[in-house]
Amino acid sequence: MLLQLQSHGFAILENGGSGLDTEPEFAKLLNCSPRPTYYSGCGRHIVKTSVVEVLRQDSAAYLPKRFGIHGDIPAYYHPLEVGILHCSQQIKGEGGENWLCDSFHVAEQMKEEYPMHFELLSTVPVHWRDVGREPGTMPYHLESWYPTISVDFNGQVEMIRISNHMRGSHFAKKHKDKLFSWYKAYFTFYKLLHSEQYRAKYKMQNGDVLVLDNKRVLHGRGAFLPLPNDF
């Protein structure tokens, strides 16, 4: 599984259990040091997808509507490396399939086919902002500035930050002349990430555990129609 995570950016474990302690126990098997986040008590980042225990209005992740391709918590100064998504119970209704996309591959395609777009997305900083409060926890307010595509000193892609629900509306003053060009580049990239050519679909089943390289493989979820006995 670790080899697949390294080569493909994700791995799936079927029948991993449905208990609430599945994620931290699985993290131990991966030799991951649990890292607290404001969305979960432990784990690099733990999200139960495709099944919603309570329909809440404070986060797109808790709603049955389509949840676009994204990476988790892009505003972190030290970004999450491994994401563990656990399906404790799948809905019996229609929809709710998970989407996966190798964003590094798409970024390289952008670099080849749209070099000016790639340049903008890798140099213009984006305002990332997340403010709220999870039940039973302290309020949180996180802000930072990072480009959508982060590259190393050799120009190689090392992380993609995409998350429309955490992207702020501010634009750095010295880059305001690039505003419309940046949005054109961003929409081109975002459309490619959602295209059938680059996006894989997989509907998790009860007990499935999906492990992701959060810097590389973006994820999302299709809309779903829950039945009355799903909750």
task: Enumerate the calculated ³J(HN,Hα) couplings along the stretch 152-167 in order (Karplus 6.51 cos²θ - 1.76 cosθ + 1.60, θ = phi - 60°), each rounded to whole Hz, writing x wherever the residue is Gly or Pro.
output: 8, 5, 9, x, 7, 5, 10, 6, 10, 10, 9, 5, 4, 7, 10, 8
field: Radius 15 Å from Cβ of GLY155, net charge of other residues (Lys, Arg +1; Asp, Glu -1)
entry: -4
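How would you order 179-188, 204-213, 106-115 from highest to lowest mean count of nearby Cβ atoms within 10 Å?
Those peptides, ordered most packed to least, come out 204-213, 106-115, 179-188.
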statement: Answer in debye to the nearest 20: the dipole magnitude of the stretch 131-231 about its Cα centre, from +1 Lys/Arg and -1 Asp/Glu charges placed on Cβ, is 460
statement: Here the tail fraction of P(r) beyond 16 Å, over all Cα-Cα pairs of the stretch 76-135, rounds in percent to 72
query: Across 10 Å bins from 0, what is the distribution of all Cα-Cα pair distances for the stretch 133-231, in whole percents?
result: 10, 31, 34, 20, 5, 0
query: Out of residues 5 or more away from GLN89 or on other chains, whose amide H comes under 5 Å of its own, with H placed 1.01 Å from N in the peptide plane?
result: GLY207
message: Give me the Å³ per residue figure for the convex hull around the C-alpha atoms of the stretch 107-191.
response: 114
query: Carbon and sulfur atoms: what percent of the 1.4 Å accessible area of the stretch 103-188 do they account for?
result: 56
- request: Within the stretch 212-231, find all residues whose amide N lies under 13 Å from a label point positioned 7 Å from the Cα of LEU63 along Cα-to-beta-carbon.
  value: 223-224
Cα lying deepest toward the dipole's positive end in the stretch 68-163, options VAL157, THR123, GLN89, charges on Cβ: GLN89
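The values are calculated or read from the model by the stated rules, or taken from the named source; none is laboratory data. Predicted model, so just to flag it, every value in this text is computed and none were measured. As a convention, Cβ positions derive from the backbone with ideal geometry for all residues, glycine included, and neighbour counts pool all protein chains shown. Accessible surface areas use protein heavy atoms only, side chains included; no ligands, DNA or RNA. Shrake-Rupley method; radii C 1.70, N 1.55, O 1.52, S 1.80 Å.
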